[in-house]
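Chemist: Handing you this structure, nothing more for now.
The values are calculated or read from the model by the stated rules, or taken from the named source; none is laboratory data. Nothing here was measured: the structure is a model prediction, and the numbers come from that model. When we count neighbours, we look across all protein chains shown, and the Cβ atoms used for this are built from the backbone with ideal geometry, even at glycine.
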Amino acid sequence: MNRDTEIACNSFKKCNYFLSLFEGMDTEEWVELQDKWLKDVMEDSSLLPWQMNKWQVMEREFKKAFVDYARHEKANNKLRKLKMKDGNINAYIAHFT
């Protein structure tokens, strides 16, 4: 996104654009909650956390809802279990990579 566009400079428009990109039932409820929150904040800006804009809050909420914090631990667990099978070094290296 071009940083000089109106959408990029306006946190409300940026949030609305971001929410418009979501599709599917897995995200529908989260998008509706964020949309309601945006409407509430537009009516009462005191709902925003101290020194945060709408986009910063939405980004934080997105990460809380959808980022897999156990990804690193899962990857380490897979590496610990990785073993070469039937002397196939190429398959072992491909899986390791």
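So that you can scan it fast, the table gives a plain yes or no per residue for (1) surrounded by 11 or more Cβ atoms within 10 Å (Cβ to Cβ); (2) more than 15 Å from the chain's Cα centre (by Cα); (3) of a type in the set (S, T, N, Q):
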residue	(1), (2), (3)
Leu21	no, no, no
Thr27	yes, no, yes
Met42	yes, yes, no
Met58	yes, no, no
Asp68	no, no, no
Asn76	no, yes, yes
Lys83	no, yes, no
Asn90	no, yes, yes
Thr97	no, yes, yes
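Chemist: Considering Lys14, Lys36, which residue is free of Cβ contacts under 8 Å to residues at least 60 places away in the same chain and surrounded by 14 or more Cβ atoms within 10 Å (Cβ to Cβ)?
Modeler: Exactly one residue qualifies, and that residue is Lys14.
Chemist: Looking for something in a loop (DSSP other than H, G, I, E, B) and either over 30 Å from Arg3 (Cβ atoms) or of a type in the set (Val, Ile, Thr) (or both) - is there at least one such residue anywhere in region 48-69? Steps first, answer last, please.
Modeler: Filtering region 48-69 down to residues in a loop (DSSP other than H, G, I, E, B) leaves 48-53, 67-69.
Pick out the ones that are also either over 30 Å from Arg3 (Cβ atoms) or of a type in the set (Val, Ile, Thr) (or both) and you get 67.
Yes, there is a match, as at least one residue in region 48-69 is in a loop (DSSP other than H, G, I, E, B) and either over 30 Å from Arg3 (Cβ atoms) or of a type in the set (Val, Ile, Thr) (or both).
Chemist: Taking region 14-28, which residues are part of a helix (DSSP H, G or I) and within 17 Å of Arg60 (Cα to Cα)?
Modeler: Across region 14-28, the qualifying residues are Lys14, Cys15, Asn16, Tyr17, Phe18, Leu19, Thr27.
Chemist: Here's something else I'd like to know. Does Ser20 meet the test of being within 19 Å of Phe66 (Cα to Cα) and assigned by TED's automatic domain parsing to the domain that holds Arg60?
Modeler: On the way: within 19 Å of Phe66 (Cα to Cα): yes; assigned by TED's automatic domain parsing to the domain that holds Arg60: yes.
Judged against the criteria, Ser20 is a match.
Chemist: Return yes when Met84 is under 29 Å from Asn2 (Cβ atoms), without any contact (Cβ under 8 Å) to a residue 24 or more places away in the chain and not in a helix (DSSP H, G or I) and no when it is not.
Modeler: Numbers: under 29 Å from Asn2 (Cβ atoms): no; without any contact (Cβ under 8 Å) to a residue 24 or more places away in the chain: yes; not in a helix (DSSP H, G or I): yes.
Here the answer is no, as Met84 does not meet what is asked.
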